Amino acid sequence: MRKKIVAGNWKMNKNAAEAEELMIQLLEYKKQHNTLCEVWIAPPSLYLMMAKDLFKNNEIGVFSQDMSAQDSGAYTGEISADMLKSIDADGSLIGHSERRQYHQENDKSCAVKIKKALGKGLTPVYCNGETLDQRKGGQHLDVVKTQTETALFDLSAEEIKKVVIAYEPVWAIGTGETASPEQAQEIHAHIRKIIAEKYGEEVADEISILYGGSVKPDNAKEIFSQPDIDGGLIGGAALKVEDFSKIIEGFNA
Ligand code: PGA
């Protein structure tokens, strides 16, 4: 059975005191509830060690929002896979659409980062998805296919099994507009089929594919009930424990 996951992407939100408060609230929630999915957070990298200190028994997975394609050296502002591993982080988001939009990230750089992450035993959460123009132009299936192949198809079967994919249509991120459960399911099944064609059904069946883009307490359950949707990558609604916990409970309901 593949993993069910609800992951919170905090983006560039919260000062240190606020971050600590939310982490403590999440930990309390996690201790008091028998969640039917794994719970992960991707706070700003400044707070990753704080998260590791608080989640002593790995109650909540700790991910960075990005990591470097380089091993080490003169790359101001970057953090490496080795640094993440050295604080026992669980993995990193890779290729989030905001990194693509503002930091020239592309599928080729994602491919390098994914390899580096796996090489250090970190879980890459590879984010992809089409823009509004691509969806309107009917190119969404092709776009996601190219993204998936370019970023992942240099991996071995053993490697790709360790990747988590987050399908996040760009037009649904932070806009309040969500893909319908059927629209999301269509792409998730499509991604799984593309992987199955290259690596076989068994491998494709093991890969968790999360949906991201305006997941909220009131739509999580329906989205998560789709057969190829294994959870969510949550932005805005991950910033309050009340909302995030209700989304986690989308799996209990
Ligand atoms: P959103 O963000 O839930 O605020 O739309 C999702 C994401 O960017 O990962």
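Bear in mind that the values in this text are calculations on the coordinates, not laboratory data. Note that the coordinates shown come from a computational prediction; the quantities given were computed from them, not determined experimentally. Please note: Cβ atoms are built from the backbone with ideal geometry, for glycine as well, and neighbour counts cover all protein chains shown.
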Most mobile listed residue (Gly176, Gly137, Gly61) in the chain, GNM with C-alpha springs under 10 Å: Gly137
Restraint check, Lys85/Lys198; Lys4/Lys136; Lys52/Lys240; Lys56/Lys113; Lys136/Lys162, Cα-Cα greater than 24 Å: Lys85/Lys198; Lys4/Lys136; Lys56/Lys113; Lys136/Lys162
Förster radius 30 Å - calculated FRET efficiency between Asn34 and Asp218 (Cβ-Cβ, nearest 0.05): 0.85
Exposure proxy order (Cβ contacts within 10 Å, fewest to most) of Ile207, Ile195: Ile207, Ile195
Footprinting exposure proxy for Cys127, Cys37 (fewest neighbouring C-beta atoms within 10 Å first): Cys37, Cys127
Separation of alpha-carbon centers, the stretch 115-168 and the stretch 1-34, rounded to whole Å: 24
Ranked Thr146, Thr76, criterion: other C-beta atoms within 10 Å, fewest first: Thr76, Thr146
Amide H contacts under 5 Å for Ser64, placed H, 5+ residues apart: Gly91, Ser92, Leu93
Alpha-carbon centroid distance for the pair the stretch 205-225 / the stretch 93-110, whole angstrom: 21
Percent of Cα-Cα distances greater than 22 Å, calculated over the chain: 51
The chain: relative contact order as a whole-number percent, Cα under 8 Å and 6+ apart: 21
Mean residue ellipticity (222 nm) of the chain, computed from DSSP H runs ≥ 4 via -39,500 (n - 2.57), nearest 500: -12000 deg cm²/dmol
